[in-house]
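Worksheet: the structure to be examined is printed underneath.
The values are calculated or read from the model by the stated rules, or taken from the named source; none is laboratory data. None of these values were measured; they are calculated from a predicted model. Heads up, the Cβs are rebuilt from the backbone with ideal geometry, glycines too, and the neighbour counts pull from every protein chain shown.
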Amino acid sequence: MPLYDDVERVKLRFLQTCETLVNQGRLDDDEFQGILELLDSMNDYDDEEFRAELSKISKGISDLIG
């Protein structure tokens, strides 16, 4: 399942970036937990819905995904 592996790698890299933002104080723990929950259920969303939910969690983090 190469595509699954690629998606998991992207999710891991995204979480590492979020952890860095938490350490820098640019993302709080509640936002990080919301992102974890969103990533766990990301298959339930289309691209637009996912971006909208991510934007609700944290305005700044959505800049990372363009």
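Entry remark, region 18-66: residues being among the β-branched types (Val, Ile, Thr) and at pLDDT below 90 number 3 in total.
When residue 10 is tested against the conditions (1) loosely packed, with under 14 Cβ neighbours inside 10 Å; (2) outside any helix (DSSP H, G or I); (3) of a type in the set (A, V, I, L, M), the lone failure is (2). Just the residues that are assigned to a helix (DSSP H, G or I) and surrounded by 14 or more Cβ atoms within 10 Å (Cβ to Cβ), please, taken from region 18-31. Residues satisfying the conditions are 18, 21, 22, 31.
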